[in-house]
Structure formats: structure tokens, C-alpha cells
Amino acid sequence: MSRDYAVMGFPVSHSLSPEIHSIFASQEKIKLHYEKIEVSSGSFSDAADAFFGQGGLGLNVTVPFKVDAYAYASRLNDLAEQAGAVNTLARGEGGLVSGHNTDGLGLVRDLEARHGWALNGARLIILGAGGATRGVIVPLLARGVEEIIIANRTVDKAEALVGLFSTLMPGAKLSVCSLADAAECEADVVINGTSLGLSSGDITLAPELVRGRHCYDMSYGNNARFAHWASHQGAISAVDGLGMLIEQAAESFAIWHQVRPDTNLAFAKIREQIG
Ligand code: ATR
């Protein structure tokens with residue numbers, strides 16, 4: 001059986017990618033086989049070798065293997081290089097596997113095209129200094145975001161990230177704040193890039209952090225606890241990251257099939273499914 005496309009992760013059973021890609025494929029009248037492959041820790045490159053060795057054409061890579069996929073790729077596009085992580089692998093001419101990162105483009109597209117939030121000139125607070133935040137900084141700045149403040153529980157990690165991107169993008173307005181002080185910072189939009197939605201404890205952020213601001217949660221569905229909390233604390237609007245998931249998938253689809261699908265149908269169908 002052909003194993004054209006797949007998503008690899010651990011765990012991976014919850015992944016919505018096969019469904020999203022199959023909606024795109026039927027819209028574009030493309031036949032594809034897309035499966036989920038669960039990979040154990042330390043086995044990513046063996047699993048990817050086996051996949052591409054059997055004729056696989058494209059892989060999506062999710063937690064916790066995005067950095068392994070970065071190391072695996074024979075060449076990287078700029079966004080993947082800057083993000084230090086890869087979520088899309090594509091087998092090209094001569095069997096060379098290229099690595100891409102479509103997460104940041106997915107976020108930008110969702111914010112601007114679906115939610116109509118203006119990024120040009122905006123001041124953002126991003127909560128978290130892990131992989132999710134790292135993957136979106138350059139695409140946001142490239143859309144004309146005026147300033148990004150990275151607020152993290154562990155301030156040292158935010159400082160390291162700001163140091164890295166200040167070197168990569170001299171002149172970009174990037175700064176650091178503790179989570180506790182983030183409410184005091186001037187901003188139009190607050191984006192949650194932490195994994196706090198995966199834990200069950202109370203959210204102890206100050207309500208002033210989100211009151212009167214647009215809030216976006218890169219988590220979606222039941223894990224979008226930040227968006228849910230923000231909507232009850234007086235945020236102007238609070239949305240989850242389902243649209244980012246769909247849009248990053250559309251960017252991957254475009255890399256593999258040279259056509260970017262319309263995303264509205266997939267968004268509506270998956271929204272209906274996950275609530
Ligand atoms: P990812 O790749 O999903 O970003 P990660 O690299 O492990 O995952 O980063 C998780 C981020 O969520 C970190 O910024 C982490 O804060 P610390 O650097 O202080 O660990 C943040 N995070 C996780 N749980 C959190 C919580 N309950 N409250 C606030 N921040 C949290």
C-alpha cells in the first residue's frame with residue numbers, strides 16, 4: 001500500500017491532520033493516502049527513513065519531534081531555519097528531503113484572514129518561550145508587527161529567545177517580561193504560546209492581562225483553556241488556535257501539491273467536530 005503522506009508524533013492518535021488533508025484533497029480532486037504514525041522517543045530518524053524509503057512523499061511532524069525533523073532535513077527553508085524546528089518534510093528531486101515550518105504562516109493567516117485582526121503596527125504580548133513561540137516570531141514581524149513582548153514564567157528562557165531573534169533580526173522591537181508583570185505592558189493582542197492548557201490547575205494570570213485586549217490561544221478545542229478564561233475576564237475577543245492548525249496544514253498541502261486549498265470548509269467541519 002502506498003504511504004504517500006503521514007503525520008508523525010507521540011502521541012498521535014488525537015491528530016486531526018489526516019482529516020484536514022483529506023478534506024483539502026477532495027476539494028482539489030487530488031487522490032492521496034494520509035496516515036498517522038506513532039513514533040517512540042529516539043526513533044524519529046529511523047521512522048522517517050523507513051517512511052521515505054518506502055516511497056513516502058510528505059510528512060507532517062508534531063510534538064515532540066519538530067527539532068528531530070529539523071536535524072533530519074537535508075535542506076531547510078528560511079522559516080524552518082529561523083524557527084529551529086520543522087513541521088513539514090517533503091521528498092523532492094533525487095530523494096532529498098526538505099524541511100519547512102508552516103506554523104507561523106498559519107498563525108498569521110488565521111489572525112488576519114479569518115479573524116480580521118490587523119498585524120501591521122500591532123503590539124503583541126506572547127506568553128511562553130518554548131517551541132510554539134519560537135516558531136511564530138519571524139512571520140509576525142514580517143507582517144509588520146511593531147513590537148513583541150515575550151512573557152514567560154521562567155524569564156531566562158524569554159531572554160534567551162529575545163537574544164536569539166534580536167541577532168537574527170536587528171532592529172526588531174523585542175523585549176522580555178515576567179508573566180506576573182505582563183498585565184502592565186502596553187499591547188493590543190495577547191497570544192498564548194504556553195502549554196498551560198494541557199495542565200488542569202487554575203489559571204493564575206492577572207485578569208488585567210487580557211481585559212480590553214484581543215486574545216488568541218495557539219491551543220485549540222479542550223486545551224484552549226486560556227481563550228476560555230480570557231473570554232470570561234473581559235477580553236474584547238478570545239479565540240482558539242483551530243484556525244492556525246487548519247492554515248498551517250494548508251501551507252503544508254501547498255508545499256506538497258503546489259496548490260493552496262480554500263480552508264473554510266475544513267475549518268467548519270473540524271469546528272463542528274471538536275466544538
Ligand atoms: P512548546 O514546544 O509547546 O512551546 P515547551 O517548549 O515545553 O513546549 O514550552 C512550554 C512553554 O509553556 C514554556 O514557556 C513554559 O514555561 P517555562 O519556560 O517557565 O517552563 C510554559 N508553560 C507550561 N506550563 C505552564 C503553566 N502552567 N503556566 C505558565 N506557563 C507554562
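The values are calculated or read from the model by the stated rules, or taken from the named source; none is laboratory data. Since we're looking at a predicted model, the values are computed, not measured. Ideal geometry is used to build each Cβ from the backbone, glycine not excepted, and the neighbour counts take in all protein chains shown.
Scanning region 101-142 for residues that are touching a Pro at 6+ places or on another chain (Cβ under 9 Å) and among the aliphatic types (A, V, I, L, M) turns up 105, 107, 108.
Only one residue in 129, 172 is out of contact with any Lys or Arg (no Cβ under 8 Å at 6 or more places or on another chain), among the small types (Gly, Ala, Ser) and assigned to a loop (DSSP other than H, G, I, E, B), so which one is that?
Exactly one of 129, 172 is out of contact with any Lys or Arg (no Cβ under 8 Å at 6 or more places or on another chain), among the small types (Gly, Ala, Ser) and assigned to a loop (DSSP other than H, G, I, E, B), namely 172.
Residues in region 101-111 include none that are without any contact (Cβ under 8 Å) to a residue 24 or more places away in the chain, surrounded by fewer than 23 Cβ atoms within 10 Å (Cβ to Cβ) and either in a helix (DSSP H, G or I) or not assigned by TED's automatic domain parsing to the domain that holds residue 45 (or both). Can residue 141 be described as more than 16 Å from the ligand (Cβ to nearest atom), at negative phi and buried (at least 19 other Cβ atoms within 10 Å of the Cβ)? It is true that residue 141 is more than 16 Å from the ligand (Cβ to nearest atom), at negative phi and buried (at least 19 other Cβ atoms within 10 Å of the Cβ). Regarding residue 131, is this residue in the same structural domain as residue 191 (by TED's automatic domain parsing), among the small types (Gly, Ala, Ser) and either touching a His at 6+ places or on another chain (Cβ under 8 Å) or buried (at least 24 other Cβ atoms within 10 Å of the Cβ) (or both)? Taking the combined requirement at face value, the residue does not satisfy it. Can you find a residue in region 229-239 that is exposed (fewer than 15 other Cβ atoms within 10 Å of the Cβ), more than 18 Å from residue 126 (Cβ to Cβ) and of a type outside the set (Asp, Glu)? Yes, because at least one residue in region 229-239 is exposed (fewer than 15 other Cβ atoms within 10 Å of the Cβ), more than 18 Å from residue 126 (Cβ to Cβ) and of a type outside the set (Asp, Glu). Being hydroxyl-bearing (Ser, Thr, Tyr), within 21 Å of residue 218 (Cβ to Cβ) and touching a residue at least 24 places away in the same chain (Cβ under 8 Å) is the requirement here; does residue 34 meet it? No, not satisfied.
For residue 85, the conditions (1) out of contact with any Gly (no Cβ under 6 Å at 6 or more places or on another chain); (2) surrounded by 18 or more Cβ atoms within 10 Å (Cβ to Cβ) all hold with the exception of (1).
For region 183-202, a residue qualifies if it is in contact (Cβ under 8 Å) with a residue 12 or more places away in the chain, over 22 Å from the mean Cα position of the chain (by Cα) and either in a strand (DSSP E or B) or within 15 Å of the ligand (Cβ to nearest atom) (or both), and exactly one does: 183.
I want to confirm something. Restricting to region 49-62 and keeping residues that are within 16 Å of the ligand (Cβ to nearest atom) and free of Cβ contacts under 8 Å to residues at least 60 places away in the same chain, which single residue is nearest to the chain's Cα centre (by Cα)? Only one residue tops the list, namely 62. Selection of region 144-159 for residues being in a helix (DSSP H, G or I) and either at pLDDT below 95 or near the ligand (Cβ under 10 Å from one of its atoms) (or both) yields 155, 156, 157, 158.
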